[in-house]
1. Be a star and scan segment 167-202 for residues whose amide nitrogen sits under 18 Å from the point 7 Å along the Cα-to-Cβ vector of L22.
2. So between E29 and Q110, what do we pick up on full extension, going 0.36 nm a residue minus the alpha carbon distance?
3. Could you give the nm distance between label points at K72 and E90, where each point is 7 Å from its Cα heading toward the beta carbon?
4. If ligands, DNA and RNA are left out, what is the accessible area of E90 with a 1.4 Å probe, given in Å² to the nearest 10?
5. Where the only charges are on Cβ atoms (+1 Lys, Arg; -1 Asp, Glu), what is the dipole of segment 60-125 about its Cα centre, to the nearest 20 debye?
6. Once you have the Cα-Cα distance between T172 and E192, take 0.36 nm times their residue separation minus that, and quote the gain in nm to one decimal.
7. Which is the longest stretch in the chain that no exposed loop site breaks, taking sites as trypsin sites (Lys or Arg not before Pro) with a DSSP loop state and at most 16 other Cβ atoms within 10 Å?
8. Tell me, what are the semi-axes, in whole angstrom and largest first, of the equivalent ellipsoid of the chain as set by the roots of 5 times the Cα gyration tensor eigenvalues?
Amino acid sequence: MSHNNFQNYKLSTDITRALSSLEYNLPTEVQRKVIPIALKKCDLVVKSQTGSGKTAAFSIPICELIDWEENKPQALVLTPTRELAVQVTEDMTNIGRYKRIKANAIYGKQSFARQKLELKQKNHVVVGTPGRVLDHIQKGTLSLERLNFLVVDEADEMLNMGFIDQVEAIITELPTARVTMLFSATLPPDIESLCRKYMKDPVHIEIQATG
Ligand code: ADP
Ligand code: MG
């Protein structure tokens, strides 16, 4: 009998069913470390290599804790690229399938007007690239007053691509009573200082690279 399966987290049936249909039978190491802490709503800084299962590590607790009835976005995931925004939206949608979680990707080079209409609908989770997210916040087409979770995914890539100022500008627009989780393969000094500035006693998790 395994002591490291998803049953340990006492997730709702809607989420465990989704994990079964995705054939996620055992949590990866980063998921074993992140899920219990995120479910307790603690801030997190996670250093873990590509392919270690970070998306589900934040998507599972977020989907679990989302209040379906609330129409305004409760979670914002910032990603450095539109491909990653689309991927995270898909993963979040799959994990939240039976709970009917609505996740929406918003990124540049796509109709702002169409996104504006989509953002008027029910959205539990918004996933997007920093420039376009900031644009929607500044134009008043994305209201984040009900936000409970902020995820900064691939933070080192954000830095490399010059998005850190935009990420910071977005953070200053968010409610301070929120959970913040930052994921990165490396933690350069600028990312460390961002964490010190905007997180509340974050738990640091580092997964050693294998192979
Ligand atoms: P990372 O963000 O760390 O680069 P991903 O979240 O993209 O990694 O996950 C890498 C791959 O592993 C994806 O194809 C995902 O579907 C798969 N995966 C994640 N968690 C599990 C799990 N618990 N069991 C099986 N496959 C998983
Ligand atoms: Mg990832």
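The values are calculated or read from the model by the stated rules, or taken from the named source; none is laboratory data. Please read these numbers as outputs of a predicted model, since none were measured by experiment. Here Cβ is always computed from backbone atoms with ideal geometry, including for glycine, and neighbour counts include all displayed protein chains. Protein only, heavy atoms only, side chains kept; ligands, DNA and RNA dropped before computing areas. Shrake-Rupley method; radii C 1.70, N 1.55, O 1.52, S 1.80 Å.
1. Of the residues in segment 167-202, 181-184 have backbone N under 18 Å from the label point off L22.
2. 25.6 nm
3. 3.2
4. Accessible surface of E90 is approximately 100 Å².
5. 340
6. Contour length minus Cα-Cα distance gives 5.5 nm.
7. 42-96
8. Semi-axes, largest first: 25, 21, 15 Å.
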